[in-house]
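Only one structure is covered here, and it is reproduced in the block below.
The values are calculated or read from the model by the stated rules, or taken from the named source; none is laboratory data. Just so you know, these numbers come straight off a predicted model, no measurement behind them. Methodologically, a virtual Cβ is constructed for each residue, glycine included, from the backbone with ideal geometry; neighbour enumeration extends over all protein chains shown.
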Amino acid sequence: MSDPKFVPQHSFESVRTLDLAPAQLQVASMPATEISTVFGSPGSGKTSSLVARFLKLVDQGISPDQIVLIAATRESANTLRDHLALEYQGATEGPLAKTLTSLAFSILANRAKQAGELAPVLVSGSEQDQLLKEVLAEQDNADWPKSLDKTVRSLTGFRTELRDLIAACLEHGVDPDRLLELGKQQNLPQWEAAAMCFKSYLAELNSTARARFDSASLLRRAATLLASLSELPKELARVQAILIDDAQELTPAAAQFLFEITRFGSGITLIGDPDSATLGFRVANPKAMTELAEKIATRAEKIVNQIYLEATHAVRRPEISAALSKISAQIEVARAGRQRKGLNPPADVQTTGDALTVRVFRSDSEELGFVAGLLRRRHLFDGVPWSKMAVVARSRPALEQLALALSAESVPIRVMGSASSLKDEHASGQLLRLAHTCLGKEPVDLALATEFLTSQLGGLDQLGILRLKRSLKKLTE
């Protein structure tokens with residue numbers, strides 16, 4: 001009995017050179033205005049099907065600017081954008097792939113520009129945390145239950161929970177008054193206090209001339225705007241097809257936004273795997289892709305075309321496939337399920353039991369010792385390079401703590417990705433702000449000009465500023 005063959009990983013492999021499965025060809029060949037859902041287990045070729053569909057539509061004469069490709073996160077959008085750029089090899093008016101948040105932001109920004117208003121601002125997680133910190137500091141202690149005293153409310157973890165509650169409310173269209181009402185109905189005084197905090201938070205967001213949004217309120221505002229228009233804005237007016245990758249990560253606000261975009265007849269293809277949903281903490285709903293497609297089809301008086309992809313090659317060890325199959329069997333099917341057939345290992349392949357190990361530890365230190373020891377043994381005795389081993393953690397803070405601990409155990413560590421956004425980095429933040437100002441998006445006053453001139457970009461010290469002032473004064477005399 002021969003071992004299963006695994007697909008080698010290349011830096012880039014064109015979809016045009018792949019031998020696509022019949023279901024993938026069906027996805028690629030659908031008309032642009034088709035309303036469809038495509039389900040597939042990990043490794044079944046969902047993203048390849050999406051790229052193949054994009055290329056097929058372009059081959060049929062549809063401009064790339066008439067196709068909207070959406071990814072669930074900024075990182076996946078960047079990856080998909082690079083892949084599409086290599087496949088298409090042509091110029092476009094904008095990025096080939098984006099997130100729904102960036103699309104909503106561009107719509108609101110263009111609308112503000114047409115109205116002569118300042119462009120909106122998308123507040124970051126750290127900025128939301130600071131806003132809530134200020135709001136909580138001003139709120140009366142009597143509003144909160146005694147168990148949530150001032151000390152508890154000062155904790156970062158408490159503000160994170162409060163921010164998640166507010167995000168869930170915004171996603172589901174629950175305003176502060178409705179949250180207050182629900183708190184009274186359910187006898188939850190913490191919800192009543194949170195409703196007052198929620199109201200103050202929204203007031204702070206709207207306290208400046210420049211509109212400020214978090215991601216949930218941004219999508220809701222964009223959806224409301226589109227619903228009020230008799231025709232789509234120019235950036236969407238020519239769109240014929242919308243392709244959604246990882247559609248199992250759609251939130252209620254995202255689904256409503258897409259529903260409004262498709263109001264004028266564009267087709268939509270939602271590709272995903274409900275079993276692989278990871279953004280539930282952001283109120284993502286694995287059922288949303290099916291429910292949204294049915295809602296759009298009902299409005300258009302059409303039928304949803306459901307397609308199920310099946311893996312045609314081994315993409316993982318059979319032991320892992322067997323484990324995934326058992327785990328997925330305990331998950332609600334989310335109105336799908338046939339894609340799980342791709343998780344079953346081939347019947348003629350025997351599992352060895354050494355590819356997957358489950359361990360439960362009594363403490364963090366015990367877990368750390370096991371992980372560090374395992375990595376060192378694989379490197380020293382099995383000759384596995386450090387760069388070929390990876391440790392995955394639930395969150396960025398947990399990953400950074402784990403990295404520090406492993407470094408102390410003589411395990412070389414490189415954390416993937418940046419811990420902060422570019423605008424929060426010293427050098428790149430200055431460049432971005434300068435570009436923002438040069439584009440006329442921020443007024444220049446004496447304080448801002450002095451800040452730029454004395455920064456590393458300007459290179460002037462206080463003596464240089466004084467000499468510049470004297471020179472400018474002479475020019476005006």
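Couple of notes before you dig in:
- In segment 130-153 there is no residue that is outside any helix (DSSP H, G or I), of a type outside the set (A, V, I, L, M) and closer than 30 Å to Gly440 by Cβ.
- Taken over segment 443-470, residues that are polar (S, T, N, Q), surrounded by 10 or more Cβ atoms within 10 Å (Cβ to Cβ) and assigned to a helix (DSSP H, G or I) amount to 1.
- Of everything in segment 175-201 that is over 23 Å from Glu138 (Cα atoms) and not in a helix (DSSP H, G or I), the residue that is farthest from the chain's Cα centre (by Cα) is Asn187.
- Residue in segment 188-202 that is out of contact with any Gly (no Cβ under 6 Å at 6 or more places or on another chain) and more than 30 Å from Asp149 (Cβ to Cβ) present: no
- Taken over segment 206-231, residues that are farther than 24 Å from Ala284 by Cα and in contact (Cβ under 8 Å) with a residue 40 or more places away in the chain amount to 3.
This table checks each residue for (1) touching a helix residue (DSSP H, G or I) at 6+ places or on another chain (Cβ under 9 Å); (2) touching a residue at least 40 places away in the same chain (Cβ under 8 Å); (3) surrounded by 16 or more Cβ atoms within 10 Å (Cβ to Cβ); (4) in the same structural domain as Arg221 (by TED's automatic domain parsing).
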{"site": "Asp164", "(1), (2), (3), (4)": "yes, yes, no, no"}
{"site": "Asp175", "(1), (2), (3), (4)": "yes, no, no, no"}
{"site": "Gly183", "(1), (2), (3), (4)": "yes, no, yes, no"}
{"site": "Asn187", "(1), (2), (3), (4)": "no, no, no, no"}
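- If you filter segment 106-123 down to residues that are surrounded by fewer than 15 Cβ atoms within 10 Å (Cβ to Cβ) and not acidic (Asp, Glu), you find that the one that is nearest to the chain's Cα centre (by Cα) is Asn110.
- Single condition Leu103 does not satisfy, out of (1) surrounded by fewer than 17 Cβ atoms within 10 Å (Cβ to Cβ); (2) closer than 30 Å to Leu229 by Cα: (1)
- Among (1) under 23 Å from Glu75 (Cβ atoms); (2) out of contact with any Ser or Thr (no Cβ under 9 Å at 6 or more places or on another chain); (3) of a type in the set (Ser, Thr, Tyr), the one test that Thr151 misses: (1)
- Among the candidates Thr151, Thr73, Thr160, Thr79, residue that is closer than 21 Å to Glu249 by Cβ, of a type in the set (Ser, Thr, Tyr) and either buried (at least 17 other Cβ atoms within 10 Å of the Cβ) or not assigned by TED's automatic domain parsing to the domain that holds Gly272 (or both): Thr160
- Residues of segment 9-54 satisfying the condition of being of a type in the set (A, V, I, L, M, F, W, C) and in contact with a strand residue (DSSP E or B) (Cβ under 8 Å, 6 or more places away or on another chain): Ala21, Ala23, Val27, Met30, Ala32, Ile35, Val38, Phe39, Leu50, Phe54
- Consider segment 381-420 and keep the residues that are touching a residue at least 12 places away in the same chain (Cβ under 8 Å), small (Gly, Ala, Ser) and within 30 Å of Val123 (Cα to Cα). The one that is surrounded by the most Cβ atoms within 10 Å (Cβ to Cβ) is Ala403.
- Every residue from segment 143-198 that is within 25 Å of Ala284 (Cα to Cα) and among the polar types (S, T, N, Q): Thr156, Thr160, Gln186, Gln190
- Hits in segment 409-442 (condition: modelled with pLDDT of 75 or more, over 30 Å from Gly369 (Cα atoms) and part of a loop (DSSP other than H, G, I, E, B)): Leu439
- Just one residue in the set Gln350, Gln330 is of a type in the set (S, T, N, Q), modelled with pLDDT under 80 and either crowded, with 18+ Cβ neighbours inside 10 Å or within 23 Å of Glu249 (Cα to Cα) (or both); that residue is Gln330.
- Checked against the criteria, Arg263 does not count as out of contact with any His (no Cβ under 6 Å at 6 or more places or on another chain), over 20 Å from Val51 (Cβ atoms), in contact (Cβ under 8 Å) with a residue 40 or more places away in the chain and not hydroxyl-bearing (Ser, Thr, Tyr).
- Scope segment 99-143; condition touching a strand residue (DSSP E or B) at 6+ places or on another chain (Cβ under 8 Å) and over 19 Å from Ala209 (Cα atoms); matching residues: Thr99, Leu100, Thr101, Leu103
- If you filter segment 124-147 down to residues that are surrounded by 17 or more Cβ atoms within 10 Å (Cβ to Cβ) and not polar (S, T, N, Q), you find that the one that is farthest from Thr73 (Cα to Cα) is Trp144.
- Scanning segment 98-106 turns up no residue that is modelled with pLDDT under 85 and out of contact with any helix residue (DSSP H, G or I) (no Cβ under 7 Å at 6 or more places or on another chain).
- Flag for Leu69 being in a helix (DSSP H, G or I) and closer than 23 Å to Leu18 by Cβ: no
- Any hit, segment 38-47, residues being touching a residue at least 60 places away in the same chain (Cβ under 8 Å), of a type in the set (Val, Ile, Thr) and under 22 Å from Ala21 (Cα atoms): yes
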